[in-house]
Amino acid sequence: MQDRILSLETLIGDSSRITIVTHTRPDGDAVGSCTALCSYLTERRGKDVCVVLPNPAQSCLDFLSEGLSVLDYSSSPSRAQERIRESDLIFCMDAPGFHRTDAMEDYLTSARGRKVLIDHHLGPSEEQFCLVFSQTQVSSASELLYHILMGLPDIGGDAARLPSSCARSLMCGMTTDTNNFANSVFPSTLQMASCLLAAGVDRDELLSRLYQSYGENRVRLIGYLLYKKLRLCPDGLAYMIFTREEQLAFDYREGDSEGIVNMPLAVGSVRMSLLLSEDDGFFRVSIRSREGVSANACARAAFNGGGHERAAGGRLYLGRDIASRDELEGYIERNCKDFL
Ligand code: 5GP
Ligand code: MN
């Protein structure tokens, strides 16, 4: 990887206006990896850097963007398009290609700036980039970025040289993508966590912002979905369907259902868990599985999506994949059984 890190060093040196993008509905790793890179390039390298998110992240992640230049494409599309057009260098973080940026895709593919991928998903669109860092044996895009930053000459393997907001963002992205050290933890992940802690990251503060800042609704929603909506099938499939009416009743906000899809895997017999949340004309699908069961294969084959081997997602369209909501349960049970 060191040769590619040196190529990156040259690309950074040759660029002055840099834009960083990530996937739609950005999660902690998406925002963490973008803001960490933005903080490094702004504070240590003096570059003009802007993060462009396809749409806003959950408000509990807002603290990561403080003091940085961050644009929301969904509310300022023309400013964001101009920014993308005028960039010398564009980074795509935590997404295997520009298709995961939704409405930004065409502007990114046609942009003249050089493009770099830093991602940990399966199946990267390598042809879109002049430099590719794609590794699946890491916890998160934030961890991969950490290893890249450590290899840059000015950091020289010393995490204490990272700006403090960069170190905090890296820790945040790794923490959320591992579900606070519950999955996808590698020896390199713990090594990174150790070095960032030693460099002064306040993990207690981070955990309280990430996991103790929800409203009462979220806690009640967890209870409702698990008690009233969880279906357990004899073949090891578990699923929950969260309808529009229920979202209104719980005053549902972006992020309120984060993590709930993991919970049915606590049942000994469950090998794959799905959460389907209704949206405009489609259901958003989240899938988690145990070792040996491929959430990714299921998402690709049945739900127009993809992701990681054991954490994937996609969409199920009404009127195309199923005629009406009444067919949803049958569709799920029929299409998931091949993957169990
Ligand atoms: P989550 O269930 O947390 O929304 O997503 C889990 C994983 O699945 C993430 O790594 C994400 O990249 C992937 N994923 C979620 N939704 C989609 C989708 O619509 N398409 C694809 N290709 N991947 C998705
Ligand atoms: Mn990620």
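Below are the figures for this structure:
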{"read-out": "Per-residue HN-Hα couplings for region 208-219 [Karplus 6.51, -1.76, 1.60; θ = phi - 60°; Hz; x = Gly/Pro]", "value": "5, 5, 7, 10, 10, 10, 7, x, 4, 3, 5, 5"}
{"read-out": "For region 1-42 versus region 200-262, the gap between their alpha-carbon centres in whole angstrom", "value": "31"}
{"read-out": "Kirkwood hydrodynamic radius (C-alpha pairs) into Stokes-Einstein, the chain, 37 °C and 0.692 mPa s, D in µm²/s", "value": "159"}
{"read-out": "Highest-fluctuation residue, 241, 118, 90 considered, GNM on the chain with Cα pairs under 10 Å", "value": "241"}
{"read-out": "Percent RCO, i.e. relative contact order, over region 196-305, from Cα pairs under 8 Å lying at least 6 residues apart", "value": "20"}
{"read-out": "Cβ crowding within 10 Å averaged over residues, with 254-264, 159-169 ranked highest first", "value": "159-169, 254-264"}
{"read-out": "Amide H contacts of residue 20 (H built 1.01 Å from N, under 5 Å, at least 5 apart or other chain)", "value": "50, 51, 52, 91"}
{"read-out": "Whole-Hz ³J(HN,Hα) from phi, Karplus 6.51 cos²θ - 1.76 cosθ + 1.60, for region 176-181, glycine and proline x", "value": "6, 6, 8, 6, 6, 6"}
{"read-out": "Hydrodynamic radius by Kirkwood, which averages 1/r over all alpha carbon pairs of region 147-273, in angstrom", "value": "17.2"}
{"read-out": "Cα gyration tensor shape for region 1-152, rounded if a/c is under 1.5, else prolate or oblate", "value": "rounded"}
{"read-out": "Assigned charges on the beta-carbon of Lys, Arg, Asp, Glu; region 206-306 dipole about Cα centre (debye)", "value": "320"}
{"read-out": "Sequence-distant lysines (8 or more away, or on other chains) whose Cα lies within less than 22 Å of residue 115", "value": "47"}
{"read-out": "Karplus 3J(HN,Hα) series, Hz, for region 144-153 with 6.51 cos²θ - 1.76 cosθ + 1.60 (x for Gly, Pro)", "value": "4, 4, 4, 5, 5, 4, 4, x, 6, x"}
{"read-out": "Base-10 log of normalised Debye intensity for region 206-340 (one unit scatterer per alpha-carbon) at q = 0.20 Å⁻¹", "value": "-1.23"}
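The numbers here are math on the coordinates, done by the rules we state, and not lab data. From a predicted model like this one, the values you see are computed outputs, not experimental measurements. All Cβ positions, even for glycine, are placed from backbone atoms using ideal geometry, and neighbour counts span all protein chains on display.
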